[in-house]
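The values are calculated or read from the model by the stated rules, or taken from the named source; none is laboratory data. A quick note: this is a predicted structure, and the numbers were derived from the prediction, not measured. No Cβ is skipped: glycine too gets one built from the backbone with ideal geometry, and neighbour counts run over all protein chains shown.
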Amino acid sequence: MSDYLDEFDLTVSTLWREERLSCPHRDLVQSFVDGELPPAQMDYLRFHIEEVGCAPCRELATALGAPLAAAPESSSAEREIEERLLRSTRTFLGASRDERRR
Amino acid sequence: MNEPRIEQLQALEEDAWANLQQLYWKRLFHYARNWLSDHQAAEDVVQETFLGAVRGIGSFDPRYTIEQFLFGIAHNRIVDYLRRRRPATRPHATDEDLGGPLGMDVLARDEQTASQVYRRRETAGRQREVLIEILRTLVGEIWESGELVKLKVLESIFVLGRRNKDIWEAFGLQDEKAVAGIKFRAIQRLKDLARQRDADRALFPGLWKSKWDD
Ligand SMILES: [Zn+2]
């Protein structure tokens, strides 16, 4: 897949996430939770929150009372990745602190 | 869980970094995973992102958020992977091209001189601002038009990394070509908007030869 995409696409993708370009306004999320949006908008918010799984919007929707299924528990594979990441960062932090002291 | 403060991160406090990692690693991983076909490469990207963040946190630019900082580093690592993997099919691609319209690499560089960093940051900052602005305009226009399936298509491509053939059916579109048409019109609109702000096409080299047109 990646070989076909160029860096411009990647840049747009990065900005899209970082800037949360398609995250709906809080009021819309509230109306979504209350089931009060026109069908096309309901459908889009469902897509954004449930299918894309936008974490900040999901959190907001839950806080506003949406009966969303809980985010799936971390799988054991995920826990392993997280452990490895933590270990490597911790080691690197230690080395960086040593270097500063010198 | 709250985001740790920059000062804690700059002091290299272990708990603050563990906290930061818990908050962001999954999002970064899914992001990398959408661009890199193999799992291990995606994990490597996330790992290198946090190591890069530790290295770069001392010169963190307060105009950006931590989220932008992390995604900026991850972006560069992904570009590195794509470059390494790609055979020399685009010999004309220069570093300038690959830095993309953002030159996002400047967010976390440590080997440049201060004046170089400053100059590149100015350009990158301007490119970034304008690109965000035109993307926001595009998204706003789609909302106004009420044709939200277009937004679903663009989000599927950019956030989920899906391809035309995997999208059209789920969204009730006629065929793959309908997806390509939505992409095509979106890129045309972006070009129009960019032209208004970048008449000599200097700001976004990538936009004018985007593969979106395919
Ligand atoms: Zn969102």
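Just a few scattered comments:
- Wholly within the range B:104-200, helices (runs of 4 or more DSSP H) carrying at least 3 residues that are modelled with pLDDT of 90 or more: B:114-145, B:148-158, B:176-197
- Which listed residue is farther than 21 Å from A:A95 by Cα and either more than 8 Å from chain A (Cβ to nearest Cβ) or in contact with a His (Cβ under 8 Å, 6 or more places away or on another chain) (or both), from B:N19, B:N34, B:N76: B:N76
- Filtered residues of the range B:53-68 (kept if more than 19 Å from A:C54 (Cβ to Cβ) and either more than 10 Å from chain A (Cβ to nearest Cβ) or part of a loop (DSSP other than H, G, I, E, B) (or both)): B:G56, B:S59, B:F60, B:D61, B:P62, B:R63, B:Y64
- For the range A:20-39, a residue qualifies if it is closer than 25 Å to B:I132 by Cα and more than 11 Å from the ligand (Cβ to nearest atom), and exactly one does: A:D27.
- In the range A:43-66, residue farthest from the chain's Cα centre (by Cα) [restricted to those that are among the charged types (D, E, K, R) and more than 9 Å from the ligand (Cβ to nearest atom)]: A:D43
- Residue in the range B:13-36 that is on the phi > 0 side of the Ramachandran plot and modelled with pLDDT of 90 or more present: no
- Here B:L28 passes the criteria (1) facing another protein chain (nearest Cβ under 8 Å); (2) under 18 Å from the mean Cα position of the chain (by Cα) except the one numbered (1).
To keep it simple, each residue is scored yes or no on (1) outside the structural domain of B:S156 (by TED's automatic domain parsing); (2) loosely packed, with under 15 Cβ neighbours inside 10 Å; (3) among the charged types (D, E, K, R).
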site	(1), (2), (3)
B:L12	yes, no, no
B:D15	yes, yes, yes
B:N19	yes, no, no
B:K26	yes, no, yes
B:E43	yes, no, yes
B:G52	yes, no, no
B:R55	yes, no, yes
B:P62	yes, yes, no
B:V79	yes, no, no
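- Single residue of the range B:143-161 satisfying the filter (surrounded by 14 or more Cβ atoms within 10 Å (Cβ to Cβ) and more than 9 Å from chain A (Cβ to nearest Cβ)) that is nearest to A:P39 (Cα to Cα): B:K150
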